[in-house]
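Below you'll find the structure, written out as structure tokens, and then a few comments.
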Amino acid sequence: MKRTRTVSRSFEMVFGIIGSVIGIFSGSFLIFLESIGQVHAPFLGLVAIIASILGIASSYYVKKNHELAGVGFIVATMFVIVGSDYINVISAIFLLIAGISALFRK
């Protein structure tokens, strides 16, 4: 009888949720900056919020298909970096760690 080893994906889930929540808050902050006068801030904030929602969806899906969720984390990281004004870097780091861990941890 062969033993099958299951890997707990709680690490990826927690890091993905933390990165996504930080991304949503910082994206909301960028939308709030619209009133100060930066013209591109609302669009960048919206991109960051959509990418963070993708990160939350990948966190939910990581237990079912960790490879697809890892790709989702990496794509969310790229969009968070594009949508950042140096404020989403922490969110991108958390999402990148979750994505790399989901792809390469056996």
With DNA, RNA and ligands ignored, accessible area of K64 (1.4 Å probe; Å², nearest 10): 140 Å²
Pair R3, R105: separation of 7 Å Cα→Cβ label points (nm): 2.0 nm
Gained length - E67 relative to F32, 0.36 nm times residue gap less alpha-carbon distance: 9.1 nm
Listed candidates (i) 61; (ii) 54; (iii) 40 - label of the one calculated as percent of Cα pairs over 19 Å apart: (iii)
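The values are calculated or read from the model by the stated rules, or taken from the named source; none is laboratory data. Fair warning: this is a prediction, and the values are worked out from it, not measured in the lab. Here the Cβ is made from the backbone with ideal geometry for all residues, glycine too, and neighbour counts use every protein chain on show. SASA here: full protein model, heavy atoms, side chains in, ligands and nucleic acids out. Shrake-Rupley method; radii C 1.70, N 1.55, O 1.52, S 1.80 Å.
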